[in-house]
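Derivation of every value follows stated rules applied to the coordinates shown; laboratory data play no part. These numbers come from a predicted model, not from an experiment. In this analysis, Cβ positions are derived from the backbone assuming ideal geometry, glycine residues included, and neighbour counts consider all displayed protein chains.
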Ligand SMILES: [Zn+2]
């Protein structure tokens with residue numbers, strides 16, 4: 001652990017808010033200091049997770065008048081002395097950065113790709129999408145089907161007039177939650193299952209190729225979709241989730257992209273058959289994300305865009321459920337690339 005002077009130097013040098021007990025070894029900083037700081041003002045460190053750039057801001061004033069130069073030199077000397085002091089003090093505690101090193105968990109600059117089957121499915125994760133968008137993430141919803149069979153509250157026949165309305169509703173919902181304009185893939189609702197094996201299978205394969213190119217274009221840090229339960233056990237949800245998963249698994253993990261399934265904890269369901277068909281045991285839902293009342297209310301406003309799908313009563317019922325719930329969304333992180341093993345009976 002860094003001593004008091006080390007902490008001062010650390011703060012001066014980095015401004016990072018990592019816990020002190022996990023601070024980066026000062027010996028490593030010194031090595032990089034020698035490599036870099038004599039020529040420019042940055043210490044660049046490559047870690048397993050990311051690259052951290054330490055900026056020494058003081059020398060930026062070096063071209064000013066002599067008086068300023070004097071002050072700058074004094075400050076530089078002070079920074080160097082504190083740096084040397086901290087190195088001497090902590091020599092025995094220099095540690096390599098490891099997988100335990102805290103990663104940057106802030107939403108700022110991150111990209112979330114949320115892939116769902118129908119316009120309005122995204123409401124299920126709405127509060128946390130609104131939260132992360134509010135915190136500075138780019139949130140890109142991708143809606144695979146056009147929802148043409150979701151006649152819901154309308155007198156419309158399945159078809160283009162309804163899909164146009166549903167597209168508008170999706171854009172309206174995204175605006176209320178502060179998300180990017182959703183990507184409307186426009187594939188047929190029910191994924192051409194009526195056309196049998198030779199209609200459905202090539203259709204899904206085309207969707208998977210398109211999803212693959214969207215993942216390349218969007219370059220997400222996180223992908224969220226449906227798991228095998230499909231949220232409601234809906235066939236389209238389950239097929240979309242499986243397709244996204246296959247696209248994810250087919251790629252080498254050059255960037256640390258995390259895939260999550262959103263799900264309903266079994267403990268939230270009373271009916272045993274419902275638990276079987278669409279519940280996920282709480283043991284697997286290891287990612288619980290809380291959100292604020294503001295995020296929840298923005299999601300309720302988003303829900304109200306879906307006039308073709310919800311009656312006033314069902315909107316009110318959903319809003320009441322959101323307001324009386326525990327203000328959390330539950331997810332399951334899916335398969336991480338890991339170390340290899342040669343037995344079925346031990347998994348890391
Ligand atoms: Zn749906």
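A few comments on the model shown:
- Area projected by the alpha carbon convex hull of the range 109-173, averaged over all directions, nm²: 4.4 nm²
- Efficiency of FRET from Cβ geometry, residue 151 and residue 193, R₀ 25 Å, rounded to 0.05: 0.90
- Extent along principal axes [Cα atoms of the range 111-333; Å; largest to smallest]: 48, 46, 39
- Applying 1/(1 + (r/R0)^6) with r as the Cβ-Cβ distance of residue 217 and residue 270 and R0 = 35 angstrom yields a FRET efficiency of 0.25.
- Sorted peptide list for 239-250, 201-212, criterion being average Cβ within 10 angstrom, highest first: 239-250, 201-212
- Cα gyration tensor shape for the range 253-348, rounded if a/c is under 1.5, else prolate or oblate: prolate
- Inter-label distance, residue 161 to residue 203: 2.3 nm, where each label sits 7 Å from its Cα along the C-beta direction.
- The length gained on full extension between residue 257 and residue 342, counted as 0.36 nm times the residue separation minus their Cα-Cα distance, comes to 28.0 nm.
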